[in-house]
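Taking it in order: structure first as C-alpha cells, then the write-up.
Throughout, read-outs are computed from the coordinates displayed, never taken from laboratory work. Computed from a prediction, not measured in an experiment: that's the story for all the values here. Cβ: placed from backbone, ideal geometry, glycine included. Neighbour counts: every protein chain shown.
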Amino acid sequence: MSEQFRTNGSVQNIIAIAASAGGLEATSALAQNLPSNQNCCYVVAQHMSPYHKSLLV
C-alpha cells in the first residue's frame, strides 16, 4: 500500500508493509533490498506471537 500527500509543494510517499508472525524472514529480506534513495517513509507492522522468542534486537 502506498499513499501520497503534498507537503510544501513536494510529493511525499508513505509505504506501509505488514506481515504475519511467519513473515519475519521475508520482511527482513525486503528491508535489506529496499532502495535507499527514495523520497519516502517506510512503516512496518509485524505481528509477533507473545510466546515466541523474538529475533528482533
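At full extension, residue 13 and residue 37 could sit 7.4 nm farther apart than now, given 0.36 nm per residue minus the alpha carbon distance.
Sorting 51, 42 by the number of Cβ atoms found within 10 Å of their own Cβ, with the fewest placed first, yields 51, 42.
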